[in-house]
Amino acid sequence: MDVNGVSRRRALCLLGTGLSLAAGCSSADEMDGNGTRDETETPDSSDSDSSTGTIETGELPAFAPALADSPGERYFFGVVDLETMWTAFDGDGESEFSSGGDSAEGEDGSDGDQTPTDPLVVNPLFVALIGYVVLLGLGFSAAGSVYERNDRVDGEGYVVFANDTNIVVSDYDFDGIVRDMGELDYEEILREDDRAVYYDASTGQAVGATASLFVYAYESEEDGDGFDPIEAVERHVDAAVGERPLKHETDDDFEWLLRAGDTTGLVCGLFSDDDELADDETALEGDDLEPTEGSDSVDGLTFDGRPYNGAKGGLQHLDIVTDETRPFASAVFTYADEDRIDEAVLEDSVGTQAEAESTTVIRDGAGVRVEATYAEETLEE
């Protein structure tokens with residue numbers, strides 16, 4: 001299964017490599033449209049409570065300039081803010097996420113002791129693992145030292161992937177990046193006052209930068225898939241400075257997802273330019289994403305597309321547990337029209353491991369919002 005260029009093999013490679021590296025590496029409430037929460041209140045819910053209401057929208061998230069428009073019918077992206085990433089991997093490369101250990105009893109009465117299966121939890125965790133490896137992959141490349149030297153706010157910002165392109169959103173010394181990249185064995189592809197692109201033929205890596213983005217992509221391992229890393233990187237740096245459109249500038253429904261969804265912590269999204277994501281083209285699940293040999297730590301963690309079936313697109317969010325908060329998940333989905341909304345599908349596929357009576361489903365025209373809270377043990381080992 002391929003979700004607009006994010007193939008099974010490449011996703012599994014990222015997961016397997018990331019968990020292998022993590023084992024031996026050392027490293028340093030009320031929701032609004034920007035994902036902030038006041039812990040004095042919990043979602044108003046009963047057992048899978050459903051109601052009609054208003055889904056509030058807010059400002060575009062800070063990572064929106066990293067999401068360039070791109071060719072293809074589907075757009076798969078993930079975002080992890082760096083503070084959450086280091087909380088999740090607790091500073092020593094060991095994941096805080098459940099990976100086969102004990103988990104809390106869910107609404108279905110299961111006794112836990114399994115990898116999380118609720119898509120509201122699984123999908124953001126899947127994205128967090130990919131995001132972690134995106135950052136590790138950059139660090140192990142020649143361009144990684146350039147990124148580190150010229151990042152003015154170390155430890156802040158976002159790791160983003162959009163289809164096969166990887167982006168770190170931060171505040172950069174752009175002139176310093178140009179100077180340092182010139183000392184490496186990369187070919188200069190594009191050089192403007194506000195953006196630059198380079199290519200290393202020996203590794204197939206393209207690298208680009210602006211004052212707010214550091215972008216990289218590799219040639220695909222799959223022959224004939226049509227992915228050009230140079231074009232992909234150029235597209236993102238051009239869009240970041242206004243020379244090409246951003247994804248939300250080309251589609252009102254995509255913009256609504258960014259404004260209506262909660263966009264801190266762990267974020268993932270899947271969107272179709274068609275009226276809906278067809279059942280047989282949405283999910284990365286089941287046999288399509290079995291762990292590779294030697295990567296048993298993955299424990300079957302996959303991207304589960306069931307909640308997206310029938311929707312035009314969706315955006316998920318997960319706040320992981322901290323000293324001050326409980327795990328909280330939300331998702332917004334947009335449909336071509338409200339007749340396509342199937343609440344039974346949503347209620348059967350999300351919130352299955354949430355705390356009792358915490359899952360809510362709110363309908364607002366052709367939009368749906370889902371919220372749920374979780375016990376700490378659902379996410380922790």
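Where a number appears in this text, it was derived from the coordinates with a stated rule and is not lab data. Fair warning: this is a prediction, and the values are worked out from it, not measured in the lab. Reconstructed Cβ throughout: ideal geometry from the backbone, glycine too, with neighbour counts over all protein chains shown.
Per-residue 3J(HN,Hα) values for the range 125-139, derived from phi via the Karplus relation 6.51 cos²θ - 1.76 cosθ + 1.60 with θ = phi - 60°, read 5, 4, 5, 4, 5, 5, x, 4, 6, 4, 5, 4, x, 5, x Hz in sequence order (x marks Gly and Pro).
Ranked from highest to lowest mean number of other Cβ atoms within 10 Å per residue, what is the order of the peptides 308-316, 55-63?
Those peptides, ordered most packed to least, come out 308-316, 55-63.
Excluding GLU192 itself, calculate the net charge of residues whose Cβ lies under 14 Å from the Cβ of GLU192, where each Lys or Arg counts +1 and each Asp or Glu counts -1. If you can, show how the numbers build up before the last one.
Numbers: positive: ARG191, ARG195, ARG244; negative: ASP175, GLU188, ASP193, ASP194, GLU234, ASP238, GLU243.
Taking every other residue near GLU192 into account, the sum is -4.
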